[in-house]
Amino acid sequence: MSLDVETRPTTSAVRLEPGLAADLRAFGARDFTACFSCGTCTATCPLVDDDATFPRRLLRYGLLGMRDDLLASKELWTCYHCGLCTESCPQGADPAGYMAAARRYAIAGNDPTGLAGALYRRPRRAIAAAALVAVAFAAAMLGVSGTAPASHEALFAFVPEGMIHWTGVAVMALVAVVAVFGVVAMVRGIARHEGVTWRTLTGSAGRSLAWSAAWSAMVTESLAFKRYRDDCAEDEAERAPWWRRRWVVHGLTMWGFTGLLVATMADYGLSLVGLRATGTPEPVWYPVRLLGTIAGLAFLYGVSVLALNRLRRVERSVQTSEVADWLFLALLWLVGLTGLLTELSLYVPGGASFGYGLFVAHVALALDLLVLLPFMKFAHVVYRPVALFFHALARARSAS
Amino acid sequence: MDTEERVTPEEPTDARRRIGVYICHCGGNISDFVDVAAVRDAVAGDPGVVHVETTLFACSDATQHDMIEQIHQDGLDGLVVASCSPKLHVPTFRAVARRAGLNQFQYTQVNIREQCSWVHSDDRAGATDKATGLVRAGIGHASLSVPLDPVTVATVPAALVVGGGVAGLRAAVGLAELGLGVTLVERADHLGGAVGELGTMFPSGLAGRDLVAQLVDEVAARPAITVLLETELVAKSGTFGNYEVTLRGPAGSEPVTQTVGVLVIATGFDSYEPALGEFGYGIDGVLTLPEFTHLVDSSSGPLTHAGRPVRSIAYVYCVGSRQPGGNEYCSKYCCTATAHVAVEVAKRDDRVAQYHLYRDVRTYGVYELLYEEARKRGSVYLKFADDEPPAVTREGDQLVVTTRDTLTADATLQIPVDLVVLVTGMVPTANHDLTSLLKLPLGSDGFYNEIHPKLRPVETVVDGVLIAGASQGPKTVSESVASALAAVAQSGAMLLKGQAELNPLVAVVDDACAWCGACASVCPYDAIEQVEIDGRAVARISPTACKGCGGCAPYCPNEAINLLGVTTDQVQHMIAGMAGDVHEEVLVS
């Protein structure tokens with residue numbers, strides 16, 4: 001059975017938006033107007049598919065002002081930012097930097113609040129906003145804090161567990177709503193651009209294609225980086241030891257973060273079913289605690305190496321950095337560090353003297369990270385799998 | 001290849017002439033299609049031919065040296081070189097003849113490359129026959145050649161410069177620096193021309209008006225230069241080195257006459273004026289490049305047009321240029337000028353979106369940097385197909401340019417913009433009176449034509465009339481100035497010696513003339529006048545005014561006119577040789 005494919009008729013004209021290039025410059029794509037479409041980036045990019053226009057075509061969209069096409073391009077999110085294109089660009093147009101800026105632009109474009117755009121255009125304001133939100137959370141917690149026992153560290157006696165819990169739930173719900181709006185906007189854009197309709201996905205053949213695409217997007221690519229390891233990391237082994245390779249480091253960060261999420265959920269789950277109350281002291285080997293500790297260490301290692309690599313510019317992929325990159329890394333690192341130190345404070349003598357402060361900082365920063373998720377680089381955890389889904393779907397459709 | 005390169009006939013059949021013949025391979029350009037050895041063998045026994053050989057490259061130093069040896073050794077009094085076009089190597093072999101002590105006009109060039117091997121590459125036997133005929137014609141011509149000496153004339157150390165733009169001003173300064181007197185005439189009431197209206201230019205960063213002001217100061221500082229404004233050249237007589245020119249000033253003033261050695265014509269260009277409706281010309285917000293440049297040059301701060309801010313611009317290139325049936329040439333300055341103005345706009349406000357809709361970008365040499373800078377500052381270049389030019393329309397208050405972009409998967413794009421700039425090129429100045437007065441030839445593009453773009457870039461077929469600047473074709477300011485300086489150098493070469501040698505290949509009248517005036521009526525150079533000799537009215541041809549075109553000779557009912565170097569007898573000999581009738585009686589007639 002053939003699938004319904006609605007491609008845009010070639011005769012219909014695209015209305016350009018002349019301000020797009022200047023907008024993208026404001027999002028950090030400073031050099032891309034030097035591009036004269038020679039296609040060297042396409043020739044060197046390991047991710048180029050059969051149509052052989054990636055990433056050149058995306059630069060063209062930005063240059064000309066084809067905003068809808070840019071926002072609706074799934075290819076934008078398939079890029080791993082290896083930096084080969086920028087290294088080989090004869091015009092110094094920094095295609096990789098452009099792709100990163102265009103992703104920021106897409107995050108802002110899908111964001112219904114307009115907050116993301118405001119933060120990306122004014123990096124200093126973004127730093128201030130992140131700091132302010134964290135301080136606000138901390139102040140709120142300190143405002144309701146009880147007495148801090150000095151003899152032993154009782155964190156939830158200091159800040160009520162319920163408050164943290166419900167604040168977390170509220171923030172997550174808020175973030176979820178914003179993220180859903182963003183994802184829906186993105187899905188509609190890409191689906192229209194790709195000619196994918198609901199009918200396409202719900203037919204019997206369509207359903208199996210959709211499932212395999214979803215598996216590929218979520219598991220093979222998002223969790224296991226198959227294409228990166230297959231296509232993009234060919235020469236990385238020669239340049240970096242395994243413990244510094246990008247996919248290992250990014251994997252430890254992501255898996256560590258996921259492990260922490262699972263541990264938190266499990267902790268809450270155990271208290272829900274009445275097995276143990278949140279905040280009950282446990283030995284290190286207690287399974288949930290052990291998972292959290294190991295995940296936390298992996299996470300902190302990953303983030304630290306990412307930050308160090310970026311700081312030392314060890315790779316062509318981190319030759320240039322934007323405030324957006326640093327803000328995301330800094331928040332992750334601070335959350336990880338304060339968390340680990342808080343845990344440490346539970347086990348070292350006299351830990352209570354600094355444990356409470358760290359704990360408040362940790363919770364405030366974690367909430368900060370969560371609140372800003374849809375507006376900062378963190379949003380890629382939502383948008384990238386969606387784009388990868390459409391990418392895998394298109395591949396599957398062209399193969400079938 | 002030949003087994004024996006040289007053939008020397010045992011006994012010359014014509015004792016009167018001793019002619020050497022060289023047949024060139026041109027490294028294969030000729031010998032691949034013409035059996036040069038067969039040609040050599042065919043003409044070896046011809047009357048007057050005492051030496052004939054084939055040579056790989058006749059123009060090579062070694063062969064030139066051999067020719068000189070041969071001329072000395074055999075006492076040759078005629079030289080025939082069968083090789084390429086006379087345009088290429090006549091000066092070369094004339095020099096060989098001179099160095100060998102032979103009169104340079106006793107050498108004959110035969111073209112068996114452009115006129116034979118290249119056009120008959122499919123027919124070796126036919127090409128060989130034709131080459132033989134052509135060489136025989138050359139031998140026939142050489143056998144009647146006579147020594148001729150250049151005509152020497154005294155020259156006036158002064159020049160007339162027509163046109164007070166950047167080229168004319170620079171030429172005037174240069175001529176004065178060489179010690180020549182200069183009269184500079186300008187039709188308008190001020191100096192400066194097109195450059196005088198320009199703002200900053202690339203790469204100097206200097207404003208056109210300032211550059212012109214500097215040149216005007218330089219002109220004013222030189223007493224040898226006389227500037228006449230609102231003045232035109234209305235008459236010219238005399239011959240090279242001694243032209244009498246009549247200059248008519250503002251209404252009411254008396255025309256003045258002057259004698260000058262040379263004329264430098266630097267009358268510039270006009271800008272192409274699009275027809276109403278051509279790419280939307282006439283719609284508010286659709287400007288030509290000069291109009292837009294003026295808008296940018298005459299304002300500062302954020303760009304506005306008609307009181308409204310300009311946030312986006314589309315440039316449509318090649319308007320009026322490279323059009324079949326119209327101006328087919330490329331004006332070659334407009335791409336650069338547009339890149340320059342786009343950079344100026346971006347410097348003022350880098351958020352202005354600038355779309356360049358082009359056919360080909362020609363920003364050569366150092367101007368490549370400007371093209372690069374324009375792109376780096378945000379200009380986007382979109383190529384459109386020759387047969388699918390962009391369309392400029394207005395939708396309500398909004399200008400929209402529709403085009404197709406190859407680099408975006410051939411997508412049809414609608415670009416909403418605040419301004420459309422039609423990138424118009426240069427067209428020849430409306431100069432009909434001056435052109436016909438000076439009898440200057442125009443190229444197919446309507447600009448003045450030089451003799452050779454590389455070898456004689458500022459000379460025209462009218463001796464002593466030089467061209468400079470954009471009157472010759474589209475040029476940038478620096479190219480205009482360079483051509484002005486070339487005209488200065490050429491004027492110096494012509495005038496500083498105080499005398500000049502002219503080509504002696506001119507028409508002459510013999511006693512058979514009975515003055516009917518037919519020749520004078522067809523002479524395009526006014527070189528023929530009626531004189532009285534021994535009470536008889538006859539024609540006299542000025543050897544300095546005559547260009548040797550030969551136009552008069554066929555009109556003479558008495559066959560009294562001959563063109564030196566190509567006399568009637570010589571032509572008949574050539575025809576006979578070409579036809580293969582090499583008879584004694586023709587030779588001795």
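Give me the base-10 log of I(q)/I(0) for the range A:166-230 at each q in 0.14, 0.17, 0.19 Å⁻¹, Debye formula, one uniform scatterer per Cα, rounded to two decimals.
-0.65, -0.86, -0.95
One-quarter of the Cα convex hull surface for the range B:507-564, in nm²?
Quarter of the Cα hull surface area: 3.4 nm².
Once you've got the Cα coordinates, tell me which of B:K383/B:K454; B:K87/B:K439; A:K226/B:K383; B:K130/B:K547; B:K347/B:K454; B:K347/B:K383 are over 27 Å apart.
B:K383/B:K454; A:K226/B:K383; B:K130/B:K547; B:K347/B:K454
For the range B:110-182 and the range B:205-239, compute the distance between their C-alpha centroids and round to whole Å.
Result: 32 Å between the Cα centres.
What is chain B's relative contact order, in percent, from Cα pairs under 8 angstrom and six or more apart in sequence?
14
Using a 7 Å offset from the Cα along the Cα-to-Cβ direction at both A:M172 and B:T402, what is the distance between the two label points in nm, to one decimal?
It works out to 5.4 nm between the two label points.
Need one number: nm distance between label points at B:R348 and A:W326, each 7 Å from Cα along Cα→Cβ, rounded to one decimal.
Going by the 7 Å Cα→Cβ label model, 3.6 nm.
What is the Rg over Rh value, at two decimals, for the protein assembly as shown, using alpha-carbon atoms and the Kirkwood definition of Rh?
Using only Cα positions, Rg/Rh for the protein assembly as shown is 1.18.
I'd like the antiparallel share, as a percent to the nearest 5, of DSSP beta bridges with both residues in chain B.
The antiparallel proportion sits near 50 percent.
With a 10 Å cut-off between alpha carbons and a GNM built on chain A, which of A:G65, A:G83, A:G351 moves the most?
Of A:G65, A:G83, A:G351, the Gaussian network model singles out A:G351 as fluctuating most.
State the dimensionless ratio Rg/Rh of the range A:239-281 (Rg: radius of gyration of Cα atoms; Rh: Kirkwood radius).
Taking Rh as the inverse mean 1/r over Cα pairs, Rg/Rh reads 1.30.
Work out the mean other chain Cβ neighbour count within 10 Å for the residues of B:370-379 and drop it here as an integer.
4
Using the number of other C-beta atoms within 10 angstrom as an exposure proxy, rank A:T113, B:T54 with the fewest first.
A:T113, B:T54
Could you tell me the convex hull volume per residue, in Å³, taken over the Cα atoms of the range B:6-148?
Convex hull of Cα atoms, per residue: 88 Å³.
With r defined as the distance between the Cβ atoms of A:S88 and B:L369 and R0 fixed at 35 Å, what FRET efficiency is calculated, to the nearest 0.05?
Result of the calculation: an efficiency of 0.95.
With a point put 7 Å past each Cα toward its Cβ, work out how far A:L275 is from A:R124 in nm, to one decimal.
5.2
Quick check for me: using +1 on Lys/Arg Cβ and -1 on Asp/Glu Cβ, what's the dipole size of chain A about its Cα centre, in debye to the nearest 20?
So the magnitude is around 560 debye.
Can you tell me the dipole magnitude for the protein assembly as shown around its Cα centre, using point charges on the Cβ only (Lys, Arg +1; Asp, Glu -1), in Debye to the nearest 20?
5480
What whole-number distance in Å separates the alpha-carbon centres of the range A:250-305 and the range A:119-138?
The two parts, judged by their Cα centres, are 27 Å apart.
Can you tell me how much longer the chain between B:E395 and B:D61 gets when fully stretched, taken as 0.36 nm per residue apart minus their C-alpha distance, in nm with one decimal?
Here the answer is 113.2 nm.
Which of rounded, prolate or oblate describes the range B:278-416 when judged by the alpha-carbon gyration tensor and an a/c cut-off of 1.5?
rounded
Can you give the three extents of the C-alpha atoms in chain B along their principal axes, from longest to shortest, in whole Å?
92, 65, 41
Taken together, the values in this text are just the output of simple stated rules run on the coordinates, not laboratory data. None of the values given here were measured: they were computed from a predicted structure. Here Cβ is always computed from backbone atoms with ideal geometry, including for glycine, and neighbour counts include all displayed protein chains.
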